[in-house]
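Working notes for the structure below.
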Amino acid sequence: MPFPLNDRLGRTHRSLRISIIDKCDLRCTYCMPEDQRFLQREELMTREEIATITRLFVQRYGITKVRLTGGEPLVRPDAVGIVRDLSGLGVSLGLTTNALSLHKHLDALIEAGLRSINISLDTFDAERFKQIARRDGFGTVWANIRSAMSRGLRVKVNMVVMRGVNDDEILRFMELTREHPVHVRFIEFMPFAGNHWGRDRVYTFAEMLGHIGSVHSFEKLNDDPHSTAKAYRVPGWPGTFAVISTVTEPFCGDCDRIRLTAEGRMRNCLFAREETDLLSALRRGEDIAPLIEANVIAKHAMLGGLPQFRPERQEEVLHDLSARPMVSIGG
Ligand code: SF4
C-alpha cells in the first residue's frame, strides 16, 4: 500500500513532472537564456533510470499523474519509448511540447498510450513567432495542433502572455475555444534565470479577464483540486480557457506537484532553490527513498520560499531566484 508523500504542511504530492531533456529545437526568450549550456548525454537519466525512478514514485508514494516535459521532450530520440514505459504504470500520463516535430511522432505517441498533450503557442503571427522563439516554425506548429485535435487527444494550448509582446492576441486565442473543444491556458509571465523578467512585463490575471470580458461573457467552471489554472467557458462554445496566475494570485496552498530534472535532480517546487540528486545515488546503488522524503518535507509554503512577485519586491525576487532557467526545469 503506497504511503502519501506529505510535506511539512501536510500537502500530499500526487503529480510528478519529469524533464527528460534540457535541449530544445526552439529558443523562446522567456525560457532559454542566450548563453544556455546543455547537459552531456551521460549526465541525462537513461530511459531505464526514468522508468525505475517513476515506478518508485508510483508504487511507493501513490503518484497518479506524470507529465513529461523538457526543454523539448520530442528532441530526445527515445521519447516515444519513455511514453510507452510510463503508460504501463497506470498513471494519467501527459506531455508538454512545442509541437514543432509532433508530426513525426504523433502516431507512435498515440500507439504508445499518450492521451493528453499540452502544446506551447504564444502567437498566431509568423513573424512574431520568430521573434519569441528565435526560430521560424509557426506554420508547422499550428498544423500539428490541428492534427493533435483531429486525432482525439485532449489538447491544452499554453500561451505565455507578455505585456507589449503578445497580449493583443488574447482574443485571437479565445477564438480557438469557439471553434474547437480545446482548452486554452493564458499563463502569467514568470521570473526565471536569464529570461529578462520584470513585474511591469506581466499582463495580469485581472487584466486578462477584463480583456476577455470586454468582448465575451463567460462563466466560471469548477477547478480540479490541485489545479494550477482557474477555468472558464463562454457559454455554448466547445472549448474552455483558463488562467495560470502564479505571479498575482499564486495557488501554492494545495500544491501537489514535484519535479525531476533531466539529470535526475528532485525539485519540490517550480521555484525551488534547493535540489536533491537522486540519479547519482541511484547509480551508486543506494536507496533513494529517504532522499525523496527529505526533499518533500523541506518544501516551502509557497513559491519555493521566494518573496511574492510584487512590484516593490522585484529586486529581491530577481536576486533570490534559482540559477536554473526554465528550459531545464520544464513546463
Ligand atoms: S510555485 Fe511551487 S508551491 Fe506554488 S504551486 Fe507552483 S510548484 Fe507549487
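Condition first: among the charged types (D, E, K, R) and in contact with an Asp or Glu (Cβ under 8 Å, 6 or more places away or on another chain). Now tell me which residues in the range 241-257 satisfy that.
none
Which of the numbered conditions does Glu72 fail, given that it passes all the others? Conditions: (1) in contact with a Cys (Cβ under 9 Å, 6 or more places away or on another chain); (2) acidic (Asp, Glu); (3) free of Cβ contacts under 8 Å to residues at least 12 places away in the same chain.
Glu72 satisfies every listed condition except (3).
Mind listing whichever residues of the range 239-262 are within 10 Å of the ligand (Cβ to nearest atom), in a loop (DSSP other than H, G, I, E, B) and either polar (S, T, N, Q) or open to solvent by 30 Å² or more (accessible area, probe 1.4 Å) (or both)?
Thr246, Pro250, Phe251 - these are the residues of the range 239-262 that are within 10 Å of the ligand (Cβ to nearest atom), in a loop (DSSP other than H, G, I, E, B) and either polar (S, T, N, Q) or open to solvent by 30 Å² or more (accessible area, probe 1.4 Å) (or both).
Quick check on this structure: which one of Thr228, Thr261, Thr246 is touching a strand residue (DSSP E or B) at 6+ places or on another chain (Cβ under 9 Å) and over 24 Å from Arg310 (Cβ atoms)?
Thr261
In the set Leu278, Leu303, which member is open to solvent by less than 10 Å² (accessible area, probe 1.4 Å) and at positive phi?
Leu303
Considering only residues that are touching a residue at least 24 places away in the same chain (Cβ under 8 Å) and open to solvent by 50 Å² or more (accessible area, probe 1.4 Å), look in the range 263-274 and name the one that is farthest from Glu48 (Cα to Cα).
If we take residues in the range 263-274 being touching a residue at least 24 places away in the same chain (Cβ under 8 Å) and open to solvent by 50 Å² or more (accessible area, probe 1.4 Å), then Arg273 is farthest from Glu48 (Cα to Cα).
Pairs needed: first member in the range 211-223, aromatic (Phe, Trp, Tyr); second member anywhere, part of a loop (DSSP other than H, G, I, E, B); C-beta distance under 8 Å; at least 6 residues apart or different chains.
Phe218/Val234; Phe218/Pro235
Which ones in the range 80-101 are open to solvent by 10 Å² or more (accessible area, probe 1.4 Å), assigned to a strand (DSSP E or B) and of a type outside the set (A, V, I, L, M, F, W, C)?
Listed by number, the residues that qualify are Ser92, Thr96.
Would you call Gly213 surrounded by 19 or more Cβ atoms within 10 Å (Cβ to Cβ), over 26 Å from Pro307 (Cβ atoms) and modelled with pLDDT of 95 or more?
In short, no.
Restricted to the range 307-327, and to residues that are open to solvent by less than 10 Å² (accessible area, probe 1.4 Å) and part of a helix (DSSP H, G or I), which residue is nearest to Pro33 (Cα to Cα)?
So, considering only residues that are open to solvent by less than 10 Å² (accessible area, probe 1.4 Å) and part of a helix (DSSP H, G or I), the one nearest to Pro33 (Cα to Cα) is Val327.
Taking the range 263-306 as the region of interest, how many residues are among the acidic types (Asp, Glu), away from the ligand (no atom under 15 Å from the Cβ) and not in a helix (DSSP H, G or I)?
Residues in the range 263-306 being among the acidic types (Asp, Glu), away from the ligand (no atom under 15 Å from the Cβ) and not in a helix (DSSP H, G or I): 4 in total.
The values are calculated or read from the model by the stated rules, or taken from the named source; none is laboratory data. Only a predicted model underlies this, so the values are computations on that prediction, with no experimental measurement involved. With ideal geometry, Cβ positions are generated from the backbone for all residues, glycine too; neighbour counts draw on all protein chains shown. In case anyone asks, the SASA skips ligands and DNA or RNA and just uses the protein heavy atoms, side chains included. Shrake-Rupley method; radii C 1.70, N 1.55, O 1.52, S 1.80 Å.
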